[in-house]
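Q: Have a look at this one.
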Amino acid sequence: MIVDEKGKLFGKINLLDCLIVLLVVCVIAAAVILSKVGSAKDGNSIPLTYTVEVKNKDAGYFAHLIEGEKVIDGVTKEALGEIVSVTTQPAVSVAQADDTLISVNIEDKLDGYVNIKANASVSYPDLMVGKEAIKIGKSMAIRSESAAIHGYIVGMDYDADLLKEMR
């Protein structure tokens with residue numbers, strides 16, 4: 001008989017002690033595996049600069065967008081990067097004149113481009129900043145320390161070769 005009446009395996013090893021030792025070994029192995037997975041995720045990020053287009057605002061609005069300020073998600077309050085630069089140009093609207101479309105400058109209004117740098121994690125096929133996927137055309141409602149920004153992502157700059165290596 002493999003297990004005797006006292007619960008010992010081959011008459012020498014207590015079966016309950018074996019199960020406890022096996023459980024401890026499994027817990028340690030799981031902790032080691034999970035720590036390696038976590039460290040792999042930490043190294044799975046790339047520098048990203050994305051551009052948010054803000055349309056039809058007063059000049060004073062853009063004075064509050066300051067380089068170096070951190071930006072956060074307007075809803076979740078999660079960090080989304082830091083303002084690197086802000087450029088403006090006269091606001092333009094498209095109007096129809098007869099059968100053609102023409103561009104018309106909107107008096108006293110500006111369109112702006114807010115460049116934000118962040119570290120993006122790679123979760124194929126997305127580049128994620130916090131829990132937000134950064135994609136061209138996505139509407140963004142973000143906040144800096146001194147302004148609320150609502151616009152659309154119109155540009156992304158990242159190292160495509162580095163991204164290919166991570167796949």
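Q: May I ask you to verify whether GLN96 is without any contact (Cβ under 8 Å) to a residue 12 or more places away in the chain and under 22 Å from LYS55 (Cβ atoms)? Before you say what the answer is, go through the steps one by one.
A: On the way: without any contact (Cβ under 8 Å) to a residue 12 or more places away in the chain: yes; under 22 Å from LYS55 (Cβ atoms): yes.
Yes, satisfied.
Q: Could we say that ASN119 is open to solvent by less than 60 Å² (accessible area, probe 1.4 Å) and either under 19 Å from ALA160 (Cβ atoms) or free of Cβ contacts under 8 Å to residues at least 12 places away in the same chain (or both) here? Write out each step before concluding.
A: Working: open to solvent by less than 60 Å² (accessible area, probe 1.4 Å): no; either under 19 Å from ALA160 (Cβ atoms) or free of Cβ contacts under 8 Å to residues at least 12 places away in the same chain (or both): yes.
In short, no.
Let's see how each residue does on (1) at pLDDT below 90; (2) in contact with a strand residue (DSSP E or B) (Cβ under 9 Å, 6 or more places away or on another chain):
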| site | (1), (2) |
| --- | --- |
| ASP99 | yes, no |
| LEU110 | no, yes |
| LYS117 | no, yes |
| SER123 | yes, yes |
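Q: A further question on this structure: Which count do you get for residues in the stretch 119-141 that are small (Gly, Ala, Ser) and touching an Asp or Glu at 6+ places or on another chain (Cβ under 7 Å)? Please lay out each step first, then the result.
A: Looking only at the stretch 119-141, we keep the residues that are small (Gly, Ala, Ser), and these are 120-121, 123, 130, 133, 137, 139, 141.
Filter once more, so that each one left must be touching an Asp or Glu at 6+ places or on another chain (Cβ under 7 Å): 130, 133.
The number of residues fulfilling the criteria is 2.
Q: List the strands (runs of 3 or more DSSP E) that sit entirely inside the stretch 97-167 and contain at least 3 residues that are within 24 Å of THR87 (Cβ to Cβ) and touching a Lys or Arg at 6+ places or on another chain (Cβ under 9 Å). Before the answer, list the steps.
A: Values: elements: 100-123, 126-129, 139-143, 148-158.
Result: 100-123, 148-158.
Q: Here's another thing I want to ask about it. Being surrounded by 11 or more Cβ atoms within 10 Å (Cβ to Cβ) and of a type in the set (Gly, Ala, Ser) is the filter here; which residues of the stretch 85-113 pass it?
A: Correct list: SER85, ALA91, SER93, GLY112.
Q: If you don't mind, another one. Find all pairs meeting these conditions: Cβ atoms under 6 angstrom apart; at least six residues apart or on different chains; first residue within the stretch 63-80 and touching a residue at least 24 places away in the same chain (Cβ under 8 Å); second residue acidic (Asp, Glu) and open to solvent by less than 70 Å² (accessible area, probe 1.4 Å).
A: Correct list of pairs: LYS70/GLU82; LEU80/ASP73.
Q: Would you please name the residue that is most open to solvent (accessible area, probe 1.4 Å), looking only at residues in the stretch 43-84 that are outside any loop (DSSP other than H, G, I, E, B) and of a type in the set (S, T, N, Q)?
A: ASN56
Q: Is there a residue being open to solvent by 40 Å² or more (accessible area, probe 1.4 Å), at positive phi and modelled with pLDDT of 90 or more anywhere in the stretch 145-162?
A: Taking the stretch 145-162 and keeping what is open to solvent by 40 Å² or more (accessible area, probe 1.4 Å), we get 145-146, 148, 150, 152, 154, 156-162.
From what's left, at positive phi: none.
No, that holds for no residue.
The values are calculated or read from the model by the stated rules, or taken from the named source; none is laboratory data. Owing to the predicted nature of the structure, the values given are computational and were not obtained by experimental measurement. Cβ coordinates were reconstructed from backbone atoms using ideal geometry, including for glycine residues, and neighbour counts include every protein chain displayed. All accessible areas refer to the heavy atoms of the entire protein, side chains included, with ligands and DNA or RNA removed. Shrake-Rupley method; radii C 1.70, N 1.55, O 1.52, S 1.80 Å.
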